[in-house]
């Protein structure tokens, strides 16, 4: 697990470098950007993740502590919809080749503010449940909580192989409206993405 | 030669790539899925494209500036064209860009209107007011239900709740215990096992005695009013319980409310996105415009270079032609105006090349002929020179230089008259030629020149050249004439010796016999006459014999015994004899220690010196304080080393009329003497490879100079050659 965490850390660093290069190039192109304001809400993180097996099925529990910036809150109350995604992958370790993903699942929550009801509505895109919350924190807690989410059937795992699960939470920028995508690409406050949280899978 | 047009393809390719890039960028902007996949990649590709264009333009610019600085052909006009192109491309693009940005801003701003915004807010408020009505109604319906249930024990609550539910329009009724556990429920939809409970905060709020009324959106059922209130505690139910009631909202009101909310949200979102939207459009527009402008600039560079290539080629070709490189052929592309110009240039250079080849061929032919002529001239025994009308030396042959004892090659291009100052011999030569230089008639003259090797007799002939100037041919006939003269004198001497000497002995014998026979028989007066007469005859016969012997000696050609000789010693020995024996005149000797040895016949040279000193002493006879100065010195002339002997006297000098024939036999100014002394001197000098000449100033004496070749040493070979040549 430590090895995977290290791999994950290196991968994250490499991706951060690529992101930095992209951001620099885009910043060159974007001449109309105003000065960045200090708007650091803290890192969004996965506070808990666990897998339990029940009746031959692996179930996933995840708790995400979403931290969103003032800019996102402002966008939310201005009618912008946010898609918060918990992505889980089950991978088989390979000796020489990159690990193979055998399951890729996304648990998608659509968060928006309803001005008529003056409530934050969260729709679980996977099952269609719609919940309303008077405060944003409750809506984010709901969006970041997975309990007994079905991951995969134990029968798909081969006994001689080694598997692990990795989980991350993020804001899906593809769900943003078009002009915001460019802004989200350029401004870090619009980027919500945790590192991979790696879990062993027995 | 045809210019390849392949260079156009990169530009067309880049232009096509630019169009595809811009199309994809535009397409991605309108398609969310593709935007996510492509937009950033396209943005990066565009940036790379932009960077590539900037690098290309930069390289072209640096190259252009370097060419301008170095003065490369066509660079300045390329710079001017480039400046014009860029100005023409940038000016309209900038105007369009500024107007587009303004139009874009105004267009986006025009979407927003305060009245619309106010209307939407009002509509939202109206919707809320309408929904509040439903909420108040729901509360009013719920409170009696709670009071009614307060008296019902928990065990009977389900039954009572069902009755209440049937009597009301509630969609769902639920009673929760103090611990928020469900006590009873009624009207729960069939697809759900449990009633949907409000959040914990709501339950806690209501547990404290408050009442919650709110609108809850349902997945399929639209809006519903949720009421949560406390069921008052009674004696039968001391624990307070909660009543949850769900009431429907009119679907029409609900839909309208949702519609208003959707419009409000959309408008609000647009207001929020106004700035990012503008930035996004400006970015895209700027990128597109920048790409287009930079591509135009690069295309301008490319076009200018392609356009200027023929002119540059032409300029370089012209320079090459100016340097005489006529083989230069310029690549000809399309047969447009420039192409025709290049074609004409190529034709011109081809003609020039052919003409030059022909000229070269002719020149080579002329050179060959000239070389042949020069070879012929160099091997002629006659000297040949050519002069232009100004007397400038144009051509000489080897023999001319040998005859004039000069390296005439060095003086080509110089006026012969000017050379006369440096070489007195040429002065006389020029004086002879000068009258004929402007004359186009042939001429022939014999001239005599006095040079370092003595008197020269040249036979000259001149012919006018068609191109102006003259060619002069001359022969050194000195030796020939001298040989003829010597042969004539030798013949005279031989005849004299033969014709005169033979009768002299009988005459002398007869006179002596007459004297011996008759003298005793004659009386004193007659005897005296006879004696005097016969003596006179005998003496004259002796004199004539002496003269005949001298002539015989002159005519004789002795065998030469040439050996190295210390010239100074010889002179000193001979002069010493005269110094002690001479009573009338003093013989003084001045010997130059630098005088080298000479290779001569010592006996003959001794006779020559004797003759000269004796001749000088005879010239001083009867003159007081007569001095014969015998001197030697070393002479360097025309690269040769000579030994010169000068015998000078301070007598009356040699009469002018004798000077010309001084060294011919039987020429003398003295009463005594047979006139053969100097002739023999000349003969001996010539036999030993030397020359002799005389200088005289009337009343101041005469000087006879004999110049002999110094013994051959390294560095004297030319002189030796000259001597053999002139011998």
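Overview of values
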{"read-out": "Flag for residue B:211 being in contact with a strand residue (DSSP E or B) (Cβ under 6 Å, 6 or more places away or on another chain), surrounded by fewer than 19 Cβ atoms within 10 Å (Cβ to Cβ), touching a residue at least 60 places away in the same chain (Cβ under 8 Å) and closer than 18 Å to residue B:138 by Cβ", "value": "yes"}
{"read-out": "Top-ranked residue in region A:100-119 [being away from chain B (no Cβ under 14 Å) and in contact (Cβ under 8 Å) with a residue 40 or more places away in the chain; ranked as surrounded by the most Cβ atoms within 10 Å (Cβ to Cβ)]", "value": "A:107"}
{"read-out": "Qualifying residue in region A:133-143 (condition: within 14 Å of another protein chain (Cβ to nearest Cβ), touching a helix residue (DSSP H, G or I) at 6+ places or on another chain (Cβ under 6 Å) and surrounded by fewer than 21 Cβ atoms within 10 Å (Cβ to Cβ))", "value": "yes"}
{"read-out": "Residues that are more than 21 Å from residue A:168 (Cβ to Cβ) and out of contact with any helix residue (DSSP H, G or I) (no Cβ under 7 Å at 6 or more places or on another chain), drawn from region A:77-93", "value": "A:77"}
{"read-out": "Region B:182-194, residues that are surrounded by fewer than 19 Cβ atoms within 10 Å (Cβ to Cβ) and at pLDDT below 85", "value": "B:187, B:188, B:189, B:190, B:191, B:192, B:193, B:194"}
{"read-out": "Tally, over region A:67-98, of residues that are touching a residue at least 60 places away in the same chain (Cβ under 8 Å) and more than 19 Å from residue A:193 (Cα to Cα)", "value": "3"}
{"read-out": "Single residue of A:27, A:32, A:38 found to be modelled with pLDDT under 90 and more than 14 Å from every other protein chain (Cβ to nearest Cβ)", "value": "A:38"}
{"read-out": "Answer from A:151, A:147, A:136 - the residue that is within 14 Å of residue A:103 (Cα to Cα), touching a strand residue (DSSP E or B) at 6+ places or on another chain (Cβ under 7 Å) and in contact (Cβ under 8 Å) with a residue 24 or more places away in the chain", "value": "A:151"}
{"read-out": "Residue among B:366, B:392 that is closer than 29 Å to residue B:471 by Cβ and surrounded by 17 or more Cβ atoms within 10 Å (Cβ to Cβ)", "value": "B:392"}
{"read-out": "Residues within region B:469-522 that are within 30 Å of residue B:535 (Cα to Cα) and outside any helix (DSSP H, G or I), tallied", "value": "1"}
{"read-out": "Unique match (being within 14 Å of chain A (Cβ to nearest Cβ), modelled with pLDDT of 85 or more and either under 23 Å from residue A:185 (Cβ atoms) or outside any loop (DSSP other than H, G, I, E, B) (or both)) among B:54, B:44, B:25", "value": "B:54"}
{"read-out": "The one condition in (1) more than 14 Å from chain B (Cβ to nearest Cβ); (2) buried (at least 21 other Cβ atoms within 10 Å of the Cβ); (3) assigned to a loop (DSSP other than H, G, I, E, B) that residue A:146 fails to fulfil", "value": "(3)"}
{"read-out": "Residue ranges of strands (runs of 3 or more DSSP E) in region B:585-688 with at least 2 members within 60 Å of the chain's Cα centre (by Cα)", "value": "B:598-601, B:626-637, B:640-649"}
{"read-out": "Candidate set: region B:249-264, residues that are without any contact (Cβ under 8 Å) to a residue 60 or more places away in the chain and within 11 Å of chain A (Cβ to nearest Cβ); chosen: the one surrounded by the most Cβ atoms within 10 Å (Cβ to Cβ)", "value": "B:254"}
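The values are calculated or read from the model by the stated rules, or taken from the named source; none is laboratory data. Note that this is a predicted model, so its numbers are computed, not measured. Backbone-built Cβ (ideal geometry, glycine too); neighbour counts: all protein chains shown.
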